[in-house]
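First comes the structure, then the notes that go with it.
The values are calculated or read from the model by the stated rules, or taken from the named source; none is laboratory data. Just so we're clear, the structure is a prediction, and the values are computed from it rather than from any experiment. Note: ideal-geometry Cβ built from the backbone for every residue, glycine included; neighbour counts use all protein chains shown.
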Amino acid sequence: MFAASRLQQESDEAAGGDTCGPVLQAKGMSKDYGPVTVLSDVWLDVLPGRIHAIIGENGAGKSTFMRLLAGYAEPTAGTLSIAGYDVRFSRPEHAQQAGIVLVHQEILLAEGLTVAENLFLGRELMWNGMVDDQSMRRIAAEKLSELGCRVSPNALVRDIALADRQLVQIARALLDDYKLVIFDEPTAVLTGDEVERLLGIILKIKEQGAAVLYISHRLDEVQRIADLVSVLRDGKMVGTYPAEGLTQMDMARLMVGRDLAALYPVKRLKASNVPSLEVRGLVVSGYAKDIFFTAHKGEILGFAGMIGAGRTEVFEGIMGLRPAHGSVVLNGRIIDIRHSRAAMDGGIGYLTEDRKGKGLLLNEKLAPNLTLSALTRFHSGLMMRKAREQAALVKAVENYDIRLKSFGVKAGQLSGGNQQKLLLAKVLLTDPSIIVIDEPTRGIDIANKAQIYAFIQRLAEEGKTCIVISSEMQELIGICDRILVMREGRITGEVTGEKMTEHEIALLATSDVTTAASREE
Amino acid sequence: MSVITGSAALRQERDWNIGWTDFGPFLALLALLVVGFLVNPDFLSATNLANVITRSAFIAIIAVGATFVISSGGLDLSVGAMAAFITGITIMFMNSMAPEWGVWAIPAGMAVAVIVGTGCGLMNGLIVTVGRIEPFIATLGTMGIFRALITYMSDGGTIPIDRSLREAYRPVYFGTVGGIPLPILISIAVAAVASFILYKMKYGRKCAAVGANEDVARYSGISIVKTRTIAYAIQGACVAIAAICYVPRLGAATPTTGVLWELQVITAVVIGGTALRGGKGHVWGTVAGAVILELIANLMVLSDFVSEYLVAGVQGVIIIIAMLIQRFSK
């Protein structure tokens, strides 16, 4: 009953009989959580051999819909049907038996176990009552090489790269027989080559005759690989369209339901030449070395590079969040980055890329989250002043257009985009003169993206220095005055003006030729 | 699904959504009183209740300290042994000073207790934070050390308090103010100060943030080492206060003083509504928890249903049930 033969079987089916009918039909599916309707009356036909993208803003109900299809939740109303028969999945295993597998957005693997052990976790092969490690390792190796993943089946998951972990997770999903593979934002954590590799895998699944449901915020990817695009808005199906002839702007308009102003703000005049942050010879052991750069007042400075290039670590080093040494001059004053609060007190605010894990207390209300880095500003005498905190929250909600159902909600109940705005407000409460924003729009829908770009622009206009770290080159090109590119822990170059193109950045981020411009000025 | 963005709805934004963790312990306490009355009407008599609550004072005071430690994401298993050790040191100090200072040895001894206690807590804290050792292991180690020290100091026997001090010290446990036993007043005072620190001061926010998510706290510029170490030091000070109240009750320190207190203390904190994995601390819930434990023990003595030798067993069952409730009330 194994995988090698499985694929064979799949392609046989694809070549033969009933490939025309839908693999799965969703008929009028709705889902309520208490009084809140997350999904209402959604119809969808999933066709074999097609990549069907599902797009929508955050909170549009995409993930809920996928959870219903894969048996992680049961619909309040409506049914699923396979080959004309109504089916009910009350558990993921039921969907799996019907050939429907979901590749989760988060990596859900046991870090302390090996790749092979993870692949077969909960469905180990047995041989005479014992676990058959040898066969499992062999099959794991085969499966992984099919996916173009070169990690050893004996490697611990903890020791392999994030992108490889995701492939392991995909391999795990594809281990059993499948007719429909659902990918929930698979590329959110990947860059460049890794994305290409994944898209290749998805195309291969399609060629084998299986259906693919593909959820992504990256409309360029959707445009490249999808055959059909369905748009969800506020829990309702707007419609299903052939991907051909649908531009990214069309998709965005369908998602938002209105015309979008340009995503990126109009670039303003060149920033000042007053340096605000000078970094000389920064070393973050194990992650980055020889880091030299200067950021100016009122400038938006980008940091490009692949994941793992050391961009985040450079700034975590400066912020005193990980061991680092080097000279850091902040508005003319040298700061000692070995002290954890030195940079923050000196006026650098850092927005982490991991807003759920490191940015916000998800189980806490909004006000305590907002004021957490600036507690001193909200107490007088010995006491915290709750009224002052509440006033700050009201102001932040207005200034940053944070959408919430009530002021009493917890941070975890906000959508991704609103969490990001709250985090921005939180960091700005420390009144920094330099703001470092790591992945400002990761996992955020397009309307919120545009707003965040506008906020960054506004901060720069106020004379603050904005440093943006991003894996999305488009975004950096769209908003930055100047972009530094990092590769393997070093700054490999700088691009400005005409040279700010994806091509130039990609070259610096990946090529082996270290340009002479590695030290700017 | 209405969305508000302005300040319009701010007025009704009081914290009305109080959950099980806020009210639960007090409801349980109430239920217990009713059950107790039904089992034996003497249970609700003022004398009995005053006795029971007075006896729960040590655990309550120590548990208030433990609320800080647990809220900040730590754990302290050494509290029982530490209480015995502090009691021993305090009595020895008072006894040696009694000939010279007379009754003044008592307040001096109390000061010594608080200093030693805070020092012990600080040591626990530094081992955990600077030494980066799991709280469970670190305090298991110091628990062994404190227990061994009190056994060594007492030579396996008892360290009784000097006769000349006994009468003067007696009121600290047996005295009353306005009819209320002193230990009850002391534990209320400790809890009041603790809830001020935890809910009104900056430190309380830091404590809860560190316990809820260490990374978020770190990235918000909060020092994990400082916050946790202070929590352990507060715990030490609370153990010292409890030890001070305890001395007159038994009049001596022995190697078995405070045995299994850590179980009662952690149980009190957990049934009080503070999550064992850290986060928001519930000081008054903890106090209620300590009283609940003592009430149950008392109930077991007053009724004939369960042997009083099984008290620790019942407490063990309660902590497990409390954890199960926390798990499933999510």
note = Taking first residues from the range B:212-223 that are more than 7 Å from chain A (Cβ to nearest Cβ) and second residues anywhere that are of a type in the set (Gly, Ala, Ser) and not in a loop (DSSP other than H, G, I, E, B), the pairs with Cβ under 9 Å that are 6 or more apart or on different chains are B:Ala217/B:Ala209; B:Ala217/B:Gly211; B:Ile222/A:Ser373; B:Ile222/B:Ala209
inquiry  = Looking at A:Gly34, A:Gly28, A:Gly59, can you tell me which residue is of a type in the set (Gly, Ala, Ser), within 27 Å of A:Gln413 (Cα to Cα), at pLDDT 90 or above and surrounded by fewer than 22 Cβ atoms within 10 Å (Cβ to Cβ)?
reply    = A:Gly28
Extreme residue, surrounded by the most Cβ atoms within 10 Å (Cβ to Cβ), among residues of the range A:204-244 that are more than 18 Å from the chain's Cα centre (by Cα) and under 25 Å from A:Gly308 (Cβ atoms) = A:Ile225
task = Would you mind stating whether B:Thr267 is in contact (Cβ under 8 Å) with a residue 24 or more places away in the chain, away from chain A (no Cβ under 14 Å) and either over 18 Å from the mean Cα position of the chain (by Cα) or not in a loop (DSSP other than H, G, I, E, B) (or both)?
result = yes
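For every residue, the table says whether it meets (1) among the hydrophobic types (A, V, I, L, M, F, W, C); (2) within 14 Å of chain B (Cβ to nearest Cβ); (3) farther than 27 Å from A:Ala374 by Cβ; (4) over 26 Å from the mean Cα position of the chain (by Cα).
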site	(1), (2), (3), (4)
A:Asn273	no, no, yes, yes
A:Phe292	yes, no, yes, yes
A:Ile300	yes, no, no, no
A:Ala304	yes, no, yes, no
A:Met319	yes, yes, no, no
A:Leu330	yes, no, no, yes
request  = Kindly indicate which of B:Thr47, B:Thr54 is without any contact (Cβ under 8 Å) to a residue 60 or more places away in the chain and either under 17 Å from B:Ile266 (Cα atoms) or assigned to a helix (DSSP H, G or I) (or both).
outcome  = B:Thr47
note = Among helices (runs of 4 or more DSSP H) entirely inside the range A:357-434, those with 3 or more residues being facing chain B (nearest Cβ under 7 Å) are A:386-399
message = Taking the criterion of being crowded, with 24+ Cβ neighbours inside 10 Å, within 14 Å of chain A (Cβ to nearest Cβ) and assigned to a loop (DSSP other than H, G, I, E, B), would at least one residue in the range B:248-257 satisfy it?
response = no
Single match in B:Ala233, B:Ala208 (criterion: crowded, with 22+ Cβ neighbours inside 10 Å, away from chain A (no Cβ under 14 Å), part of a helix (DSSP H, G or I) and touching a Ser or Thr at 6+ places or on another chain (Cβ under 7 Å)) = B:Ala233
request  = Determine, yes or no, whether A:Lys297 is in contact (Cβ under 8 Å) with a residue 12 or more places away in the chain and crowded, with 18+ Cβ neighbours inside 10 Å.
outcome  = yes
note = Checked the range A:343-356 for anything at the interface with another protein chain (Cβ under 10 Å from one of its Cβ atoms) and either within 23 Å of B:Ile197 (Cα to Cα) or surrounded by fewer than 21 Cβ atoms within 10 Å (Cβ to Cβ) (or both); matches are A:Asp345, A:Asp354, A:Lys356
ask   = Right, B:Ile197: touching an Asp or Glu at 6+ places or on another chain (Cβ under 8 Å), within 14 Å of chain A (Cβ to nearest Cβ) and surrounded by 17 or more Cβ atoms within 10 Å (Cβ to Cβ) or not?
value = no
key: A:Leu68, sole failed condition from (1) surrounded by fewer than 18 Cβ atoms within 10 Å (Cβ to Cβ); (2) out of contact with any Ser or Thr (no Cβ under 7 Å at 6 or more places or on another chain); (3) within 17 Å of A:Gly235 (Cβ to Cβ)   = (1)
request  = Kindly establish whether B:Val114 is within 17 Å of the chain's Cα centre (by Cα) and surrounded by fewer than 24 Cβ atoms within 10 Å (Cβ to Cβ).
outcome  = yes
note = Among the residues of the range B:127-146, the number that are surrounded by fewer than 18 Cβ atoms within 10 Å (Cβ to Cβ) and over 20 Å from B:Glu262 (Cα atoms) is 3
key: Criterion violated by A:Glu475 - all others in (1) in the same structural domain as A:Lys395 (by TED's automatic domain parsing); (2) out of contact with any Leu (no Cβ under 7 Å at 6 or more places or on another chain) satisfied   = (1)
remark   = Screening A:Ile291, A:Ile335 for residues that are over 23 Å from A:Ile483 (Cβ atoms) and touching a strand residue (DSSP E or B) at 6+ places or on another chain (Cβ under 7 Å) leaves only A:Ile335
task = Take the residues in the range A:369-383 that are in contact (Cβ under 8 Å) with a residue 12 or more places away in the chain and either among the polar types (S, T, N, Q) or in contact with a strand residue (DSSP E or B) (Cβ under 9 Å, 6 or more places away or on another chain) (or both), then tell me which one is surrounded by the fewest Cβ atoms within 10 Å (Cβ to Cβ).
result = A:Phe378
key: Condition broken by B:Thr227, with the remaining ones in (1) crowded, with 21+ Cβ neighbours inside 10 Å; (2) farther than 15 Å from B:Pro135 by Cβ; (3) within 14 Å of chain A (Cβ to nearest Cβ) satisfied   = (2)
query = Mind checking which residues of the range B:90-103 are buried (at least 24 other Cβ atoms within 10 Å of the Cβ) and out of contact with any Gly (no Cβ under 8 Å at 6 or more places or on another chain)?
reply = none
key: Out of A:Arg482, A:Arg458, A:Arg519, sole residue that is over 16 Å from A:Met306 (Cα atoms), at pLDDT below 80, among the basic types (Lys, Arg) and surrounded by fewer than 21 Cβ atoms within 10 Å (Cβ to Cβ)   = A:Arg519
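Just to verify a result, which residue in the range B:84-133, among those that are of a type in the set (A, V, I, L, M, F, W, C) and not in a helix (DSSP H, G or I), is farthest from B:Leu250 (Cα to Cα)?
B:Val130
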